[in-house]
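The structure under discussion appears below in the form of C-alpha cells.
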Amino acid sequence: MTTEVAAVRIPAGGLRHELRAASVVWQREMIRFSRDRARVVSSLVQPVLFLFVLGGGLSSIVQAGTGSVDFKTFLFPGVLATSVLFTAAFAGISMVWDREFGFLREMLVAPVSTAAILTGKCVGGATVATLQSLVLLALAGTVGVPYDVVMLLELVGLLFLMAFMITALGLLLASRVKTIQAAMPMVQLIITPLMFLSGALFPLSGLPGWLTVLTHVNPMTYAVEPMRSVVFARLDTDAATLAAFDPGIHWGDYRVSLGLQVLVVVLACLLLLTAAVARFARTE
Amino acid sequence: MGEQVAAAVRVRGLVKRYKEVEAVRGIDLDVVPGETFGFLGPNGAGKSTTIKILCTLVEATEGTAQVAGFDVARDRDAVRRRIGLVFQEPTLDAYLTGEQNLRFHGELYGVDRSTAAARREEVLQMVGLWDRRRDAVQTYSGGMRRRLEIARGLLHSPQVLFLDEPTIGLDPQTRASIWEYIRELHRREDITVFVTTHYMDEAENCDRIAIMNEGRIVALDTPEALKRAIGKDRVVITTDDDGAAIASLREQFEIEAAVHEGAVSFAVTDGAAFVPQLFARLDVPIHSVSVTRPSLDDVFLAHTGTTIRDAERGGGNPFAIMARGR
Ligand SMILES: Nc1ncnc2c1ncn2[C@@H]1O[C@H](COP(=O)(O)OP(=O)(O)OP(=O)(O)O)[C@@H](O)[C@H]1O
Ligand SMILES: [Mg+2]
C-alpha cells in the first residue's frame, strides 16, 4: 500500500474554486474532442458542401447582377457560421447524453455553482467549434477572401462568441429534453430554422416582411452580419454589389452598427446561459 | 471541532411526495459518527429517495435533515463538501480513463493540488485499480466501475459516505471485496458509511440497520438485537402438497405458514423441539425439514411481509434491471 495521505482539504467555495471547476469541465470537452476525430471530419463535410457545391452551383446564376464578387465569397462567412452553429449546438445538446449516462449528476452534486459548470461547458463548446472552423478558415483563399491577419483574428473572435451563444442555447434545449431520442428532432426543429433565417446562406434583403421580423429576433443574424462586414471590408467592391450582398441589419430606418450587433450577441449569451442555469439548477 | 459531536446524519419527520406517489412518509433517523449504517427495504421502499434528500439532490416535501451537522436545505454546499456519493445508477464518464474521472472529480471539489495526486493514487490502490488507471472506463467490467465510483466518492475525504446499492449486480467475490474496502476505510479514516443493500448477508456487516417499507422505517437496531427481537426459529419444509401442508399446519398447530422460494416456511418458538410433533401430526408427507435460528431474512420478512428475494423479483419483472440504468 502507498503512504497514507492525511485527509485532503477542500475549500469553502470562492471564485477560485468556481474557476477550477469551470476549467475542468472545459478540459473534459477538450479531451472528448481530441478522442473523436471522426466527428471532427464528418462535421466539416456539410459546410464544405455548402461552400463549394451550393456556392459553386449558384454563383453562375447570381454572377449576373453582382459583377465583382463571387457568390462563394459571399457565402464564406455564412458557411463558417453554419459550421459553428451545428458543432456548438451539438456540444450544448450533449448534456442530454451526460444526463442519460449519469455524469450530469456527478457534476450537479458537486459543491460548486451550476453556473460554473455550464460556463465551462459553453467555453468548451465554443473552443471545439472554433477550432473546427479553423480548417474552413484556411480555405479562404480558394473563394477569393484574402488572408488578412487582422480579419482572420476578428473572424475567430466572432466565431467564438457565436459558438458560446449557440452552446448556451443547446444547453437550454438539453434542459428541456430528457431523452436522446428527443434530442435530434429538437435540433432539426430549432437549429435548422436559425440557419435559414440568419442570412448565412443568402442575403436577407429579399425576404417578405413577416420573415424579416423573424430574422430580426434570431440572435444568429447578429452573429453572421458582423462576420460578413469584416470580410467585405477587405474586398474591393462597388456600392451596388455591397448593397446586394451585405445590406446590413435595419431596425426600421436605423442601420444597426457593428458594435451594437456584437452587443446583442453578448446579451444573448448571458440570457441563454442564465436561463439554462436556472433550469439545470432545478432539475431532479 | 464542534461538528464532530453532531450526529453524522439526523433526520426528523422527513416526507417526500412525487405528485401521486408518497415515496417517504415521515422518517426519523440518527446515525452516529463512525458507524456503518445499513438501509434495507424492498424495491420502491424509498431508500434512494431518502439518500437523494440527504445528499441535497432532491428537496424534501416536509421535515428536516442534517448531514455532518449541516442542514441539507439551508447549507447545501457545506453538506456537499462533506459527503461522498455512490449512486445506484452509474455516474462515470466512460470515455475518460479511470484516472481522468478522478482528476475531474478532484478539480470539481477543489481538492488541494499539492495532495491531489497522492490522494488519487491512494484511493486507486485501495480499490485495486491503480494498474488500470490509464484505461478508458469503457473497458472496465461492472465491478471495476463500481470500485472506481467508490474510490471517487472517497477522493475528497468526505465525513459521510453514501453508498446506494454499491454491490448490486456484482459477483460474490467482488461483493466481499467491496465490504472489505468499507472495513478498511474505517481503519484508515474518520468516516461514517450509510449504505443501502438488498443482500441480507451484507447487512450483517453493518453496526446498525434500518428496515424501510413503503416509505416508513419499520425497524431500527443492531442486527443482533433485531434477530433477538424476532425470538422465533424459522422452519422450512418441503412437501408433496404445499397447499395441504399449509392447511394442515393451521388446523393442527394454529400456525400461519406461507410459501417462500418454493418451500413452506413458518416461525415457531423452539424449532428443534417442534420437529418431532410436526412429523407425528402433519397429514402431508414431508421430504425435508430445516430449522434455522432467526436470520436477518426473517427480520426482513417479519417487518415487510416478504422475503428480500421475493421482493427483489418485484413480481418477476425482467425490466427491473434495465430500469436501473436510467
Ligand atoms: N423522480 C421521481 N418521480 C416520481 N416518482 C418517483 C421518483 N423517484 C422515485 N419515485 C417513486 O418513489 C418510490 C420510492 O423510490 P426509491 O427509488 O426511493 O425506492 P428504493 O427504495 O430506492 O427502491 P430500489 O430498491 O428499487 O432501489 C417509488 O414508488 C418510485 O416510483
Ligand atoms: Mg434505490
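Details
- Antiparallel content of DSSP bridges confined to the protein assembly as shown, in %, to 5: 65 percent
- Phi to ³J(HN,Hα) by Karplus 6.51 cos²θ - 1.76 cosθ + 1.60 over region B:84-91, Hz, x for Gly, Pro: x, 10, 10, 7, 4, 8, x, 9
- Oblate is the label for region B:85-205. Its Cα gyration tensor axes, ordered a ≥ b ≥ c, give a/c of at least 1.5 and b/c at or above a/b.
- Region B:224-264: C-alpha gyration tensor shape, a/c 1.5 cut-off, then a/b vs b/c: oblate
- Inter-part distance where region B:188-266 and region B:24-71 are each reduced to a Cα centre, Å: 23 Å
- Chain B: relative contact order in percent, alpha carbon pairs under 8 Å with at least 6 residues between: 20 percent
- Amide H contacts of B:Arg208: B:Thr36, B:Gly38, each under 5 Å away and 5 or more positions distant or on a separate chain (H built 1.01 Å from N in the peptide plane; Pro and chain starts excluded).
- For chain B, the mean residue ellipticity at 222 nm estimated from helices alone is -11000 deg cm²/dmol, where every DSSP H run of n ≥ 4 contributes -39500 (n - 2.57) and the total is divided by all residues, rounded to the nearest 500.
- Between A:Tyr254 and A:Leu58, the FRET efficiency from the beta-carbon distance, with R0 = 30 Å, is close to 0.45.
- Distance from the C-alpha centroid of region A:108-128 to that of region A:252-284: 17 Å, rounded to the whole angstrom.
- Spin-label model, A:Arg9 to B:Ala225: label points 7 Å out along the Cα-to-beta-carbon direction sit 3.9 nm apart.
- Among B:His287, B:His156, sorting on how many other beta-carbon atoms sit within 10 Å of each Cβ, with the fewest leading, yields B:His287, B:His156.
- Too-long pairs where the Cα-Cα distance tops 25 Å, listed order kept, from A:Lys121/B:Lys47; A:Lys178/B:Lys52; A:Lys121/A:Lys178; A:Lys178/B:Lys19; A:Lys178/B:Lys16: A:Lys121/B:Lys47
- Over chain A, dividing the summed -39,500 (n - 2.57) contributions of all DSSP H runs of at least 4 residues by the number of residues returns a 222 nm mean residue ellipticity of -22000 deg cm²/dmol.
- Between A:Ile249 and A:Val256, the built amide H atoms are under 5 Å apart, and every one of these is 5 or more places off in sequence or on another chain.
- Going from the residue with the fewest nearby Cβ atoms within 10 Å to the one with the most, B:Arg74, B:Arg80 rank B:Arg74, B:Arg80.
- Region A:142-201 shape via C-alpha gyration tensor axes, a/c threshold 1.5: prolate
- Model label sites at A:Val156 and A:Leu267, defined 7 Å from Cα along the beta-carbon direction, differ in position by 3.0 nm.
- Relative contact order for chain A: 25 percent, from Cα pairs under 8 Å spaced at least 6 residues apart, divided by residue count.
- Restriction of the GluC sites (Glu not before Pro) in region B:202-265 to DSSP coil positions whose beta-carbon has at most 15 other beta-carbons within 10 angstrom yields B:Glu204, B:Glu214, B:Glu254, B:Glu256, B:Glu261.
- Cβ-derived FRET efficiency at R0 56 Å, B:Arg134 paired with A:Leu214, nearest 0.05: 0.65
- With neighbours defined as other Cβ atoms within 10 Å of a residue's Cβ, the residues B:Thr91, A:Thr179, B:Thr238 order from fewest to most as A:Thr179, B:Thr238, B:Thr91.
A short reminder: the numbers here are calculations on the coordinates, not readings from a lab. Since we're looking at a predicted model, the values are computed, not measured. Cβ atoms come from the backbone with ideal geometry, glycine included; neighbour counts cover every protein chain shown.
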